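Student: Quick one: the structure is below, and I'll ask about it shortly.
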Amino acid sequence: MFDKLIDRDAISEPRMPRVLSRRTVLTAGAAAGGGLLLSISMPGWPGRADAADAAAFAPNAFVRIDRDGQVTLVMAQVEMGQGTYTSMPMLIAEELEVELAKVRLEHAPPDDKLYVNPLIGFQVTGGSTSVRGFWKPLRMAGAAARTMLIQAAAAEWKVDPATCRAVKGEVIHTPTGRKLAYGRLVDAAAKLPVPADVPLKTQKDFALIGTPAKRLDSAGKVNGTAEYGIDTKVPGMKVATVAACPVIGGKLGNVDDSKATAVRGVRQIVKLDNAVAVIADHMGAAKKGLEALVITWDEGASAQFSSADLVQQLKDASDRDGVVAVKQGDVAKAIAGAATKMDAVYQMPLLAHAAMEPMNCTVHVRKDGCDVWVGTQVVSRAQATAAAVTGLPLDKVKVHNHLLGGGFGRRLDVDGITQAVQIAKQVDYPVKVIWTREEDIQHDIYRPYYYDTLSAGLDASGRPVAFNHRVVGSSILARWAPPFFKDGLDSDAVEAGSGPYGFDNLLVDYVRQEPPAGLTTGWWRGVGTTHNAFMVEGFVDELAATAKQDPVAYRRALLDKAPRAKAVLDLAADKAGWGKPMPAGRGRGVSVVFGFGSYIAQVAEVSVGKDGQVRVERVVCAVDCGQMINPDTIKAQMEGGILFGLTAALYGEITLKNGRVEQGNFDTYQAMRINEVPVIEVHLIDSHEEPGGIGEPGTATIAPAVVNAIFNLTGKRLRKLPIDPAQLKSGA
């Protein structure tokens with residue numbers, strides 16, 4: 001997801017994003033009620049002031065230690081199942097020398113300066129950047145706090161700080177065994193200058209980082225005390241549900257609400273430009289009231305628009321010249337002189353998010369302020385849209401962030417929050433707006449449809465002498481982050497556009513083609529890398545088949561300049577038993593991807609029934625994500641990402657007919673069932689490199705491995721998702 005906001009260069013083997021040095025600025029002060037308040041500031045990142053201008057600096061994360069020794073981490077990043085609320089505290093606890101269970105977490109309030117994601121430039125959780133962005137700053141904060149506490153203890157004992165050490169929340173004077181708990185030292189430590197250059201632990205000294213740690217948020221999720229946005233309860237609160245125009249880009253016409261207002265518990269009907277809301281005492285009454293409305297819609301210009309129209313527009317656009325993303329050598333000349341020429345068109349459909357927690361937001365608008373209770377990946381943008389709708393200054397809008405019951409990029413947009421505030425403006429009490437599952441799927445912000453053309457030339461030995469990839473689709477960056485959309489190039493759309501491979505002659509370009517107004521595209525648990533992995537890995541497999549070479553060996557020969565990619569490929573192949581005979585009725589396929597700073601290889605084993613239904617029997621995954629923080633989290637994220645990607649590969653597709661989304665719930669937008677889940681094996685490479693992301697690359701890698709396995713079994717090449725059983729039926 002928007003990985004190229006971090007690094008704009010080198011599509012095939014991007015450089016690691018720059019990381020913060022120990023020159024990161026740390027400041028200390030007294031916490032409210034006494035204690036040590038440590039903050040960190042990061043000069044040099046987008047939107048940051050120069051280090052010399054101290055008055056312009058604002059910290060981006062806080063560590064608070066009170067007189068009872070309680071350590072609190074105010075979390076700039078949000079938890080949506082990815083394990084952030086465990087991995088981030090591990091960074092603090094490692095250097096601060098406290099037990100992980102002793103670290104308490106608080107949701108950060110909106111503040112783009114104080115809680116900036118250093119890899120993106122504002123307060124946002126996405127793009128698998130949480131650990132990558134805060135890997136060093138949080139460790140530095142913990143190390144500085146530990147050093148200051150040791151200095152405070154040494155001053156009280158009148159000894160050399162070098163004779164003291166910190167262990168489990170205490171400072172110990174090694175020669176005498178004297179001890180002082182952190183809580184006893186925080187007031188004195190707060191008065192000390194922050195050390196200018198605090199040494200961080202090396203990997204060999206890690207006691208916590210790299211070890212499997214129990215999730216800190218598990219207990220609350222098991223016993224029901226964890227609070228998601230949909231759990232919000234506010235005194236005097238009413239509940240609303242909405243219906244937006246079912247035609248993309250359409251508006252609200254007339255509403256006859258006479259029957260709806262007669263429903264017991266219905267309090268008010270609120271009309272918006274393109275939607276109507278029914279407010280009631282509870283959700284049941286709100287839904288009954290909504291069903292009782294007689295609505296006339298102004299369907300607008302897209303009333304006859306269909307998926308076929310969308311594909312035709314993209315196909316036509318693919319004939320236009322693209323904006324060059326990567327160019328090396330002379331592709332046209334190399335292909336013209338090649339022994340074998342190959343062309344292919346690969347397609348991926350519109351996709352919804354279908355997070356377990358449907359879109360919801362609770363808002364209370366008053367003359368003097370506005371409170372918003374919501375789970376969002378963009379807390380500061382939530383505050384900004386509420387301020388814009390209400391006309392209130394930012395400091396009068398308070399956002400209460402919650403755990404997210406699934407984000408997957410959907411909650412990087414604030415359309416649902418904007419709508420909830422528009423509704424709440426028209427009432428004088430708090431209102432919780434909940435979208436039904438149908439509303440959630442039919443008015444989602446969809447992963448774009450991509451229509452990509454690929455071509456290559458092979459020499460007499462089957463080795464590619466040229467590789468050409470034209471990406472055609474909507475630009476998310478142009479809407480979501482306009483400053484990053486430059487000269488017509490959406491750098492995320494072309495991310496991983498040639499895979500991790502080395503091609504002497506390479507051209508990756510991009511053609512922007514937007515769908516009709518009202519059909520908005522957005523992030524989806526990885527976009528550029530996710531879609532390009534399918535295109536590139538499928539096509540590379542075609543090249544290997546044409547060359548009559550083993551798919552793993554063929555890829556290895558193209559990875560001499562990407563040793564980490566080759567290592568995960570070798571590990572996955574070895575653990576999967578590549579080259580050994582398969583059971584009858586099974587095929588095996590492979591893919592290897594670099595994305596989000598991590599290297600992933602997967603081998604899928606599949607079977608295909610006579611009816612063409614595909615069953616994924618086994619997935620072997622190898623991961624090099626750099627320095628591991630919590631191996632258990634990495635494995636869990638790989639497993640979850642694989643299942644998320646498999647759902648999309650097997651079933652995921654949003655289609656349009658007469659301007660309407662045809663899918664509405666899990667009966668028509670199917671998710672994998674538990675009985676369909678394959679055996680998944682995850683193997684981790686112990687690495688000393690900077691940490692990479694883990695939330696999205698597992699999703700990117702699975703679809704091509706599956707379609708390549710289908711080819712291995714059936715000889716049928718699938719270039720379009722989702723997988724169509726009709727193409728695989730016996731005799732088809």
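Student: Filter the range 347-384 for residues that are of a type in the set (S, T, Y) and crowded, with 24+ Cβ neighbours inside 10 Å; which is farthest from Q422 (Cα to Cα)?
Tutor: Taking the range 347-384 and keeping what is of a type in the set (S, T, Y), we get 362, 376, 380.
In the following step, the residues that additionally are crowded, with 24+ Cβ neighbours inside 10 Å were identified as 362, 376.
Details: T362: 11, T376: 18 Å.
Per the criteria, the residue is T376.
Student: Hey, any hits in the range 510-527 for a residue that's modelled with pLDDT of 95 or more and under 20 Å from A562 (Cα atoms)?
Tutor: no
Student: Another one. Do you know which residues across the range 154-178 are free of Cβ contacts under 8 Å to residues at least 24 places away in the same chain, assigned to a helix (DSSP H, G or I) and open to solvent by 70 Å² or more (accessible area, probe 1.4 Å)?
Tutor: A162
Student: Could you pull out every one of the strands (runs of 3 or more DSSP E) wholly within the range 586-662 that has 1 or more residues that are within 22 Å of Y446 (Cβ to Cβ)? Lay out the reasoning, then the answer.
Tutor: Numbers: elements: 587-595, 598-608, 614-624.
In the range 586-662, the matching strands (runs of 3 or more DSSP E) lie at 587-595.
Student: Follow-up question, since we're still on this one. Does R525 satisfy the criteria of being within 18 Å of the chain's Cα centre (by Cα), under 23 Å from Y599 (Cα atoms) and open to solvent by 10 Å² or more (accessible area, probe 1.4 Å)? I'd like the intermediate steps shown before the answer.
Tutor: Numbers: within 18 Å of the chain's Cα centre (by Cα): yes; under 23 Å from Y599 (Cα atoms): yes; open to solvent by 10 Å² or more (accessible area, probe 1.4 Å): yes.
Taking the combined requirement at face value, the residue satisfies it.
Student: Failed condition for N658, given (1) of a type outside the set (A, V, I, L, M); (2) surrounded by 17 or more Cβ atoms within 10 Å (Cβ to Cβ); (3) within 16 Å of S307 (Cα to Cα), with all others met?
Tutor: Condition not satisfied by N658: (2).
Student: Another one. Which of the residues belonging to the range 266-312 are farther than 30 Å from K720 by Cβ, part of a loop (DSSP other than H, G, I, E, B) and not charged (D, E, K, R)? Give the steps one after another, and end with the answer.
Tutor: Within the range 266-312, the first condition is being farther than 30 Å from K720 by Cβ, and the residues that meet it are 266-298.
So of that shortlist, the ones also part of a loop (DSSP other than H, G, I, E, B) come out as 272-274, 281-282, 293.
L272, N274, H282, L293, listed by residue number.
Student: Moving to a separate point now. Of these, V365, V399, which one is within 26 Å of the chain's Cα centre (by Cα) and among the β-branched types (V, I, T)? Break it down stepwise before answering.
Tutor: On the way: V365 fails: within 26 Å of the chain's Cα centre (by Cα).
None of the other options fit; the residue is V399.
Student: Return the residue satisfying two criteria in turn: it lies in the range 500-519 and is among the aliphatic types (A, V, I, L, M) and closer than 30 Å to P246 by Cα, and of such residues it is most open to solvent (accessible area, probe 1.4 Å).
Tutor: My answer is A517.
Student: Something else about it: Given the condition modelled with pLDDT of 95 or more, in contact with a His (Cβ under 8 Å, 6 or more places away or on another chain), open to solvent by less than 50 Å² (accessible area, probe 1.4 Å) and assigned to a helix (DSSP H, G or I), answer yes or no: does some residue in the range 141-153 qualify?
Tutor: Within the range 141-153 (the criterion being modelled with pLDDT of 95 or more, in contact with a His (Cβ under 8 Å, 6 or more places away or on another chain), open to solvent by less than 50 Å² (accessible area, probe 1.4 Å) and assigned to a helix (DSSP H, G or I)), the answer is yes, since at least one residue qualifies.
Student: Might you let me know whether the range 71-79 holds any residue that is over 29 Å from the mean Cα position of the chain (by Cα), at pLDDT 90 or above and not acidic (D, E)?
Tutor: Taking every residue of the range 71-79 in turn, none turns out to be over 29 Å from the mean Cα position of the chain (by Cα), at pLDDT 90 or above and not acidic (D, E).
Student: When you scan the range 62-86, how many residues do you find that are of a type outside the set (S, T, Y) and touching a Ser or Thr at 6+ places or on another chain (Cβ under 7 Å)?
Tutor: 5
Student: Any residue in the range 127-139 that's in contact (Cβ under 8 Å) with a residue 40 or more places away in the chain: show its pairings with residues that are part of a helix (DSSP H, G or I) and of a type in the set (G, A, S) at Cβ separation under 7 Å, as long as the two are six or more apart or on different chains.
Tutor: Cβ pairs passing all conditions: V131/S87.
Student: Which pairs turn up if I take residues in the range 388-404 that are within 12 Å of H364 (Cβ to Cβ) and open to solvent by less than 70 Å² (accessible area, probe 1.4 Å) and look for partners that are at pLDDT below 95 and of a type in the set (A, V, I, L, M) with beta carbon separation below 9 Å, at least 6 apart in sequence or on another chain?
Tutor: Final answer for the pair search is none.
The values are calculated or read from the model by the stated rules, or taken from the named source; none is laboratory data. Fair warning: this is a prediction, and the values are worked out from it, not measured in the lab. Every residue, glycine among them, receives a Cβ derived from its backbone with ideal geometry; neighbour counts consider all protein chains shown. The protein model used for the area step is the full one, side chains on, heavy atoms only, and it has no ligands, DNA or RNA in it. Shrake-Rupley method; radii C 1.70, N 1.55, O 1.52, S 1.80 Å.
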